[in-house]
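*Asks:* One structure is given below, represented as structure tokens, and several questions about it will come after.
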Amino acid sequence: MYEGVVQDLIDELGRLPGVGPKSAQRIAFHLLQADPADVRRLTEVLTVVREKVRFCETCFNVAEAQQCRICLDPRRDVRLLCVVEEPKDIVAMERTREFHGRYHVLGGAISPIDGIGPDDLKITELVRRLGAEPVDEVILATNPNLNGEATATYLSRLLRSMGITVSRLASGLPVGGDLEYADEVTLGRAFEGRRVVDA
């Protein structure tokens, strides 16, 4: 559509997750009209991120050192370990201010359709951690979709055989949602997690 580097920029932006062709075009033209200092800052930050950011050697969260700030925090409860799919899930959990343990990032979820099996995730590292750390409970916080459920089922069977207490985050209908828009997995989990209403 456009000439040379402008189309190259649109194409590259369109490869980012969640950015479609129209969004990529809008971002590209925003960058073309932006102050050169702003564009320079963006390119510098992207370069520094690629150079400095790595994954924590303990939990596989993003970090700028060998370990992330959560693994280095002595106030965290080492007996509780929350297993999540991606580093962004840790941010969501931390926003609740409800969990004070540590995390383990799998790096995805089991997905036979995409050719992702247990060996493609950080499950071996999880088992190794559980053998070395005094963990009493593992909380499975994988996404409530088919891949997340398959991963949670696989992990619960594996970890229970090790004699570790395994729990799963409760899930169900969101507050303010309508039943007609809920998928089968969400409704099923809502039924499983129902509780008696006190008078």
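What follows draws every value from the coordinates through simple rules; no lab data is involved. Keep in mind it's a predicted model, so treat the numbers as computed, not measured. Note that each Cβ is placed from the backbone with ideal geometry, even for glycine, and that neighbours are counted across all protein chains shown.
*Asks:* If amide H atoms are built 1.01 Å from N in the plane of the peptide, which residues on other chains or at least 5 residues away come under 5 Å of the amide H of residue 104?
*Replies:* Those lying under 5 Å, H to H, from residue 104 are 82, 83, 84.
*Asks:* Would you mind ranking 165, 142 by Cβ crowding within 10 Å, fewest neighbours first?
*Replies:* Numbers: 165 13, 142 25.
By the 10 Å Cβ count, ascending, the order reads 165, 142.
*Asks:* Moving to a separate point now. To the nearest 500 deg cm²/dmol, what mean residue ellipticity at 222 nm is calculated for the chain from DSSP H runs of n ≥ 4 alone, each contributing -39,500 (n - 2.57), summed and divided by the residues?
*Replies:* Values: 8 runs with 89 residues, N = 199.
Computed ellipticity for the chain at 222 nm equals -13500 deg cm²/dmol.
*Asks:* Note down the magnitude of the dipole of segment 1-68 about its Cα centre, charges +1 on Lys and Arg C-beta and -1 on Asp and Glu C-beta and zero elsewhere, to the nearest 20 debye.
*Replies:* Numbers: 8 positive and 10 negative charges, 35 e Å.
Roughly 160 debye for segment 1-68.
*Asks:* Each label point is 7 Å from the Cα along the Cα-to-Cβ direction; what then is the distance between the points at residue 23 and residue 55, in nm?
*Replies:* 2.4
*Asks:* Apply the Karplus curve 6.51 cos²θ - 1.76 cosθ + 1.60, θ = phi - 60°, to the phi angles in segment 66-73 and return the couplings in whole Hz, x for Gly and Pro.
*Replies:* 5, 10, 7, 5, 6, 5, 7, 7
*Asks:* To the nearest 0.05, what FRET efficiency results for residue 67 and residue 165 with a Förster distance of 41 Å applied to their C-beta separation?
*Replies:* Values: r = 25 Å, r/R0 = 0.62.
Computed FRET efficiency for residue 67 and residue 165 comes out at 0.95.
*Asks:* Within the chain, which DSSP H helices have Cα atoms that stretch 20 Å or more along the helix axis and a mean Kyte-Doolittle hydropathy of at least -1.0? Kindly include the intermediate steps, with their values, before the conclusion.
*Replies:* Working: long enough: 36-52 (24 Å, -0.28); 146-160 (21 Å, -0.07).
Passing helices, by number: 36-52, 146-160.
*Asks:* Let me ask another. Could you point to the residue in 145, 117, 81 farthest towards the positive end of segment 62-168's charge dipole, with +1 and -1 charges on the Cβ of Lys/Arg and Asp/Glu respectively?
*Replies:* Farthest along the dipole direction, towards plus: 81.
*Asks:* Quote to one decimal, in nm, the extra length available between residue 94 and residue 47 on full extension: 0.36 nm per residue of separation minus the C-alpha distance between them.
*Replies:* On the way: separation 47, 0.36 × 47 = 16.92 nm, distance 2.71 nm.
Computed gain between residue 94 and residue 47 is 14.2 nm.
*Asks:* So which residue, out of 106, 42, 140, gets the largest mean-square fluctuation from a GNM of the chain using Cα contacts under 10 Å as springs?
*Replies:* Taking springs between Cα atoms under 10 Å, the residue moving most is 42.
*Asks:* Here's something else I'd like to know. Compute a Gaussian network model of the chain, connecting alpha carbons closer than 10 Å, and tell me which residue from 69, 41, 168 fluctuates the most.
*Replies:* 41
*Asks:* Ok, one more. Explain nothing, just the number: dipole magnitude of the chain about its Cα centre with +1 on each Lys and Arg Cβ and -1 on each Asp and Glu Cβ, in debye rounded to the nearest 20. Could the numbers behind the result be given before it?
*Replies:* Details: 25 positive and 31 negative charges, 128 e Å.
It works out to roughly 620 debye.
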